Amino acid sequence: MSHLLFKWVLREDRYEFSGQAQTPRALQAEVDAEIVAIWAWVQRQKLRPGQFGWEATRRTATSKDEALTVAHGAVVADGGTVLHPQETRVVVTLPEKVAVQFRFEFNVVDDRR
């Protein structure tokens, strides 16, 4: 199952594919495997440096929920850390000659109106 969902936009003479996944931390290895597969696919296209763009980021957020009580004149906190889904983003910029294959190879949504 693919976790990264890509959308695309044409910018000048290049196609920019922007993918995003919001997954629990337990699925990080699966998302990382998708990123490696995408990178390997780009490398197999034999594009020269400057013909493609690549950016991948991951944001991990946590928050802390606590119930506060007062005991013996002091605040007592009881709670725990909440792990929010990780947000992974991958942006790949490709020339037209390989953009069509990328759309078929990976989970790309055509949301043009």
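Close amide H pairs (under 5 Å, H built 1.01 Å from N) link ASN107 with PHE6, residues at least 5 positions away or on another chain. With 0.36 nm allotted per residue and the present C-alpha distance subtracted, the GLN28-HIS72 stretch has 11.4 nm of extension available. Checking every one of the GluC sites (Glu not before Pro) in the stretch 1-97 against DSSP loop status and a limit of 16 other Cβ atoms within 10 Å picks out GLU12.
Multiplying the residue separation of LYS97 and SER2 by 0.36 nm and subtracting their alpha-carbon distance yields 31.8 nm. Close amide H pairs (under 5 Å, H built 1.01 Å from N) link TYR15 with LEU94, GLU96, residues at least 5 positions away or on another chain. In this rough spin-label picture, where each label sits 7 Å from Cα along the Cβ direction, the GLU105-ARG89 distance is 2.3 nm.
Close amide H partners of GLN86, meaning residues 5 or more places away or on another chain with modelled amide H under 5 Å apart, are THR23, ARG25.
Extension gain for ALA40-GLU55 works out to 4.0 nm (0.36 nm per residue, less the C-alpha to C-alpha distance).
Readers should treat all values here as calculations from the given coordinates under stated rules, not as data from a laboratory. All values reported here derive from a predicted model rather than from experimental measurement. With ideal geometry, Cβ positions are generated from the backbone for all residues, glycine too; neighbour counts draw on all protein chains shown.
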